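Inspection log for the structure reproduced underneath, given as structure tokens.
The values are calculated or read from the model by the stated rules, or taken from the named source; none is laboratory data. Remember, predicted model here, so these are calculated numbers, not experimental data. Heads up, the Cβs are rebuilt from the backbone with ideal geometry, glycines too, and the neighbour counts pull from every protein chain shown. These area figures cover heavy atoms from the full protein model, side chains too; ligands, DNA and RNA do not enter into them. Shrake-Rupley method; radii C 1.70, N 1.55, O 1.52, S 1.80 Å.
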Amino acid sequence: MTDPTIEPQTDRTRQTDQADQTDQADRYEAFRALHRTGDPLLLPNAWDHASAAALVRAGFPAIGTTSLGVAAAGKPDATGAARTETVRLAHGIARLPALVTVDIEGGFSERPDDVALLARELAAAGVAGVNLEDGRPDGKLTAVGAQCELIHAVKEVAPALFLNARTDAYWLDAGGEKEARDRTAAYRRAGADGVFVPGVQDEAAIAGLVDALDVPLNTLYVPGGLTPRRLADLGVRRVSTGSLLFRAAVGHAVEVAGAFTRGMVGPEGLPTYAEAQELSADFGDVGEVP
């Protein structure tokens, strides 16, 4: 005899799965919608759970991660050494009430299947987007064809995931404007939803990239360089802080430590112990994170 409790449970499970899928689809659309011409997504980059929660509490609708900050737990940046830390952080902060995009460096593998599996896992965790870069630890760029294979593999298994294809043509001084134009065009053809060109500060070059692309251009904010407002005027639709906030936090920590030795630390601008502790509540019952 069939247990009458089995079918209703199956229905409830199916309904929950459908609700989760709808919620994730809404996240993808909401994240895409933030990339507006004239009013770009100003994206702060977190490096741990506390910094992510604090940024969300400050009102940012979307946050990214910075590989330099994530890898700072004793590992070098951009070498593919921080896969475990990156995935664990992504699973945690995707539970926050914000849209999350994750810096996966070069995909932590040269094999398309491996990078695709990573993208699928992050999408299942609730991540809205990823950054995939072509710069390599030796200062060179991955061959265009090989990078396009990675992009295609990601889009094949997670078609709605916002793939921001980064080229380090400027960042690594590896070809500059022409290389950046050629690569961003190729990455778009491979399926990229947006392109990221850190290091470019020339207004004409930025305007040229915007004109040549039918997807959002993302640039890196540089203190003392082009302002977010000026970048918006040029057509940039996403401006990221990259490692800036992490580096600022490290620098400020040293400043406070120095002030402490002089007995000159005041409470202004510092969260209390209780406020910092409270940030963990924003993650709810996270259970076991991989």
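What the table below lists for this structure:
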| item | result |
| --- | --- |
| One residue from GLY269, GLY224, GLY287 being modelled with pLDDT under 95, within 25 Å of ALA58 (Cβ to Cβ) and assigned to a loop (DSSP other than H, G, I, E, B) | GLY269 |
| Selection count, the range 230-245, where residues are outside any loop (DSSP other than H, G, I, E, B), within 14 Å of ALA207 (Cα to Cα) and either out of contact with any Pro (no Cβ under 6 Å at 6 or more places or on another chain) or open to solvent by 30 Å² or more (accessible area, probe 1.4 Å) (or both) | 3 |
| Any hit, the range 105-120, residues being at pLDDT below 95, out of contact with any Cys (no Cβ under 7 Å at 6 or more places or on another chain) and of a type in the set (Val, Ile, Thr) | no |
| For GLU156: the one exception among (1) farther than 16 Å from ASP134 by Cβ; (2) open to solvent by less than 60 Å² (accessible area, probe 1.4 Å) | (2) |
| All positions within the range 189-202 that are open to solvent by 40 Å² or more (accessible area, probe 1.4 Å) and in contact (Cβ under 8 Å) with a residue 40 or more places away in the chain | ARG189 |
| Condition check for THR227: on the phi < 0 side of the Ramachandran plot, open to solvent by less than 30 Å² (accessible area, probe 1.4 Å) and free of Cβ contacts under 8 Å to residues at least 60 places away in the same chain | no |
| Filter result (under 15 Å from the mean Cα position of the chain (by Cα) and open to solvent by less than 50 Å² (accessible area, probe 1.4 Å)) within the range 34-52 | LEU34, HIS35, LEU41, LEU43, PRO44, ASN45, ALA46, SER51, ALA52 |
| Close pairs from the range 109-123: first under 19 Å from THR142 (Cα atoms), partner exposed (fewer than 15 other Cβ atoms within 10 Å of the Cβ) and small (Gly, Ala, Ser), Cβ under 9 Å, at least 6 apart | GLU110/ALA146; PRO112/ALA146 |
| Residue in the range 159-176 that is in a helix (DSSP H, G or I), open to solvent by 40 Å² or more (accessible area, probe 1.4 Å) and out of contact with any Leu (no Cβ under 9 Å at 6 or more places or on another chain) present | no |
| Residue ranges of helices (runs of 4 or more DSSP H) in the range 32-138 with at least 1 members over 24 Å from PRO216 (Cβ atoms) | 49-57, 83-93, 112-125 |
| Which listed residue, of ALA249, ALA205, ALA186, is surrounded by fewer than 16 Cβ atoms within 10 Å (Cβ to Cβ) and in a helix (DSSP H, G or I) | ALA249 |
| Options ALA98, ALA143, ALA153; residue that is farther than 29 Å from LYS178 by Cβ and hydrophobic (A, V, I, L, M, F, W, C) | ALA98 |
| Residue tally, condition closer than 23 Å to ILE63 by Cα and touching an Asp or Glu at 6+ places or on another chain (Cβ under 6 Å), over the range 188-214 | 0 |
| Residue count, the range 122-153 (criterion: over 18 Å from ASP214 (Cα atoms), of a type in the set (A, V, I, L, M, F, W, C) and buried (at least 17 other Cβ atoms within 10 Å of the Cβ)) | 11 |
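This table checks each residue for (1) closer than 21 Å to LEU41 by Cα; (2) not aliphatic (A, V, I, L, M).
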| site | (1), (2) |
| --- | --- |
| ALA212 | yes, no |
| THR219 | yes, yes |
| THR227 | yes, yes |
| LEU234 | yes, no |
| ALA253 | no, no |
| ALA274 | no, no |
